[in-house]
Amino acid sequence: MAEKDLSFKWSVLLMVLQLILAGTAEGQRILDRCTLAVKMDELGVPRDELARYVFIARELSNFRTNAVSSPDPQNYRNYGIFQISDGWWCLSDKRLSTINICKVDCEQLLSDNIRASVKCAQEIKKTHGWDAWQNVMVRYDESGQTSVDDCFPEETSVQVSTANDTATGGSGRSQQTSNRFQVNNDVSISNDCIIWSN
């Protein structure tokens, strides 16, 4: 009897592990906005473009790397986290002829490794600008989401402005500089000084 109980427990444990691992199989990844922003930053996407790309991914695929749309009226499908069309940008086995501007198989855009998707999205933006995602960009402009800076908490941009005659050498002009540096929880910045707290 004890042997049957142990066998049953192992069977249940194996089933639970299979369910957990099935959700993490290749092409099953669901990113969050900061994970996507950080990964795209690592892949060399300019920081000032990250918020728009993150918004596009949220709106079109809900951050799912394996998203594939239903066919549109021209029988085109969209693939991956940025929903890239097989009509122009990638090669699909579901279509006999495509232009394949990104020179990538559409199935590669479904990978958890988002390098191919990011590269193709950058090619689309280079070719058509943000107008390639015109319907999404209207919602982006209305959303007020203009930054993913909170995804990079170790870095902060600071602008310092000095307007008194002494600091400006008597010119009275304001000078601004922008520096990136690390800030931890022990440091806060006031108008004209840094405050260290213990």
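Give me the base-10 log of I(q)/I(0) for the stretch 27-100 at each q in 0.11, 0.16, 0.25, 0.26 Å⁻¹, Debye formula, one uniform scatterer per Cα, rounded to two decimals.
Taking Cα atoms of the stretch 27-100 as identical point scatterers yields -0.31, -0.61, -1.07, -1.11.
Which value, in debye to the nearest 20, describes the size of the charge dipole of the stretch 33-148 about its Cα centre when Lys and Arg Cβ atoms bear +1, Asp and Glu Cβ atoms bear -1, and nothing else is charged? Working shown, then result.
Numbers: 15 positive and 15 negative charges, 21 e Å.
It works out to roughly 100 debye.
With contacts defined as alpha carbon pairs under 8 Å and 6 or more residues apart, what's the relative contact order of the stretch 33-148 in percent? Show your work: numbers first, answer last.
Details: 164 pairs, mean separation 26.9, N = 116.
RCO, the stretch 33-148: 23 percent.
Quote to one decimal, in nm, the extra length available between R139 and N62 on full extension: 0.36 nm per residue of separation minus the C-alpha distance between them. Don't skip to the answer; put the middle values down first.
On the way: separation 77, 0.36 × 77 = 27.72 nm, distance 1.46 nm.
So the extension gain works out to 26.3 nm.
If each of D150 and L43 carries a label point 7 Å out from its Cα toward its Cβ, how far apart are those two points in nm?
2.4 nm
Bear in mind that the values in this text are calculations on the coordinates, not laboratory data. Values in this document were obtained by computation on a predicted structure and should not be read as measured data. Cβ atoms come from the backbone with ideal geometry, glycine included; neighbour counts cover every protein chain shown.
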